[in-house]
Amino acid sequence: MHEMSQDHLEQSLRSAQPLLWCNPRFQPETAAQADTGISLADVRAAQARFQRCAPLLARLFPELAASAGRIESPLLATPALQQALNLPVGSGRLWLKADHSLPVAGSIKARGGIHEVLEFAEGLALAEGLITPGDDYGRLAEAPARALFGRYRVLVGSTGNLGLSIGIMAAALGFRAEVHMSADAKAWKKARLRQHGVNVIEHLGDYEEAVAAGRRQAEQDPFCYFVDDERSPSLLLGYSAAALHLAEQLTQAGITVDAEHPLFVYLPCGVGGAPAGVAFGLKQLFGAHVHCFFAEPTQSPCFLLGLAAEPGQLPSVYQHGLDNRTEADGLAVPRASALALELMRPLLSGVLTVTDAQLFRQLYLAGSSQGLRIEPSAAAGFGGPALLCQSPAGRAYLARHGLQAAMPQANHLLWTTGGLFVPEAEYQDFYARGAALQA
Ligand SMILES: *Cc1c(COP(=O)(O)O)cnc(C)c1O
C-alpha cells in the first residue's frame, strides 16, 4: 500500500509540509450523492437562471454588454506554463480555465455569489407579481423592482471575494448590502465595496467569526437575507453551472474526455463550495473520466481534514496545530462547508496542499510564461499535475485506477479562481516576491 498512515498524515499536516493526499472514500463510478438531494437537474436550473437573467445583468453592468449578460471565462491552452512547471514528458497537456478574469466580481465568486443574489431577487419579484415566468427580466433593473429590493438587506460573511461578489451584485439591484469581513480581508477589497455603496463591517476574527456575525444579524430580521457560505445550496449550484459551459469549450477545443483521454482538474479550495460545485457538475457530465483535486494552503487544509475525518465530524485546522495564516486570502478558512464535504466524499479524487512560497512562485510563472495576472489563491493547484505524475501518492492513484497508459493523452486543467481586480501595485509586489523565490 502506498497510502499514508493516519499518523504520518497528521504529522505532515502539523508540520505544514506540502503533500498530495488521495481520498480513500473516492468511488470512481459514483457521480451523484443521493442524500444531499442535489442532481444534474439543479445544475441545469442554475444555468437556466443565468440565461434568464442575462438581459438584466447586461443592463446593470456595462462590462457585460459585449457578452449580452453572460458571465464566463475562456479555456486557454498553456504550453509555455506547462514548460515552466516542468511537467514530465508523456504526462499529457496543460490547460487553464481563466476564472481569474471573470467580470463583475473578478473571481470565481462571480458564479456562486451572483447566482444566489439573482435567485433571491427573482423569488421576491415573482412573489410580488413584478414579473411572471417568461418576462424580460431586464425589468428588474427598473424603479418598481428597485423599490422592492430596497426594503431588504443582503448580508454575507467573507474573507473578501465572496463579499465583493454578493456586495456588488446586491447593491446593483438596489438591495442594502452588508458585508462582514474577516481580519484577513485585503484593504482594497473593502475599499472597492465601499465605492459600490456597500456597508462593510470589519471583524477582528477569522472567516468563521465573520460568517457567524452575519448569520446572527440576519436571524433577527425578516427583511434580511443571509448568504451562508458554509451551508448554501444556491451558491454551490451557481458554481456548478460552470461545468456545462466548460463541456462546450472542451468540445470546441477538440478535447475528448473518455477512458483513453482522462481529464484532471485542479481547483483551489477555501470553504469548499466553489470547487465542490464545479467538481459536482463535472462528475455529472464526465463520470469516472474526470478526476478532481482540490488545492489548499498548508496552513488551511480544512477540506482535507474534513475528508480524512469520520463522516459527520467537522474538524478545524486550529485543532491540528495550524494557524490558518496564508497570503491566499480566498482560501484562509479554518473549517470546511459540511454541505460541500458530504457532496465530495465519494466524488473527490484527492487534495494537495501548497506553501505560500509555492503560491508566489506559481503566480510569477503564470505571469512570466503566459501573461496571466492571477492572485495567490488562484495559483494553488499549479503543482497538482507534477504531484500526480511524480509523487508516490499520485503514481499510486494512477496505478490504482489503471490510468498510466492513458497519461500521454491526458488533459490537466488548472482552474485559476481570482485576480482581475487586484490593484497594480499589489500585483507587482506579489510578482516580485515570486520572482525572488525562483530557484
Ligand atoms: C473563494 C475562493 C476560492 C474557493 O472557494 P470556496 O467556496 O471558499 O472553497 C478559491 N479561490 C479564490 C480566489 C476565491 O476567492
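Tabulated data for the structure shown
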{"item": "Cys224 long-range amide H proximity, modeled H, under 5 Å", "result": "Arg153"}
{"item": "Accessible heavy-atom area order of Arg194, Arg325, highest first, probe of 1.4 Å", "result": "Arg325, Arg194"}
{"item": "From phi via Karplus (6.51, -1.76, 1.60), per-residue ³J(HN,Hα) for segment 139-144 in Hz, x at Gly/Pro", "result": "4, 6, 8, 9, 3, x"}
{"item": "Radius of gyration and Dmax over the Cα atoms of segment 191-272, both given in Å", "result": "18.9, 55"}
{"item": "Solvent exposure ordering (accessible area, 1.4 Å, most first) of Arg25, Arg231, Arg400", "result": "Arg231, Arg400, Arg25"}
{"item": "Using alpha-carbon coordinates, inclination of helix 356-370 to the longest axis of the chain, degrees", "result": "80"}
{"item": "Long-range amide H partners of Leu267 with built H, under 5 Å", "result": "Phe293, Phe294, Ala295"}
{"item": "Whole-number accessible area per residue in Å² for segment 109-235, which is evaluated in the context of all protein chains at 1.4 Å", "result": "38"}
{"item": "Relative contact order for the chain, counting Cα pairs under 8 Å that sit 6 or more residues apart, in percent", "result": "23"}
{"item": "Neighbour cut-off at most 15 other Cβ (10 Å), DSSP loop, chymotrypsin sites (Phe, Trp or Tyr not before Pro), segment 210-278", "result": "Phe223"}
{"item": "Computed over segment 109-235: relative contact order in percent, which uses C-alpha pairs under 8 Å that are six or more apart", "result": "27"}
{"item": "Where only C-alpha atoms are counted, convex hull volume of segment 109-235 per residue in Å³", "result": "96"}
{"item": "Rounded to the nearest 10 Å², the accessible area of Thr355 at probe 1.4 Å", "result": "40"}
{"item": "Dipole of segment 109-235, positive direction: furthest Cα of Ala143, Gly123, Tyr225, with charges on the beta-carbon", "result": "Ala143"}
{"item": "Percentage relative contact order, segment 1-89, counting C-alpha pairs under 8 Å, at least six apart", "result": "13"}
{"item": "Globularity index of the chain, i.e. its alpha-carbon radius of gyration over 2.2 N^0.38 Å", "result": "0.93"}
{"item": "Under the Karplus curve 6.51 cos²θ - 1.76 cosθ + 1.60, θ = phi - 60°, whole-Hz ³J(HN,Hα) for segment 59-76, x wherever Gly or Pro sits", "result": "6, 7, 10, x, 5, 9, 4, 5, 9, 6, x, 7, 9, 9, 10, x, 9, 10"}
{"item": "Interchain or long-range residues, amide H under 5 Å from Leu372's placed H", "result": "Gly367"}
{"item": "At 1.306 mPa s and 10 °C, Stokes diffusion of segment 1-62 via Kirkwood alpha-carbon radius, µm² per second", "result": "97"}
{"item": "Carbon plus sulfur fraction of accessible area for the chain, probe 1.4 Å, in percent", "result": "52"}
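The values are calculated or read from the model by the stated rules, or taken from the named source; none is laboratory data. All values reported here derive from a predicted model rather than from experimental measurement. Cβ atoms come from the backbone with ideal geometry, glycine included; neighbour counts cover every protein chain shown. Just so you know, the surface numbers come from the protein's heavy atoms only, side chains and all, with ligands and any DNA or RNA stripped out. Shrake-Rupley method; radii C 1.70, N 1.55, O 1.52, S 1.80 Å.
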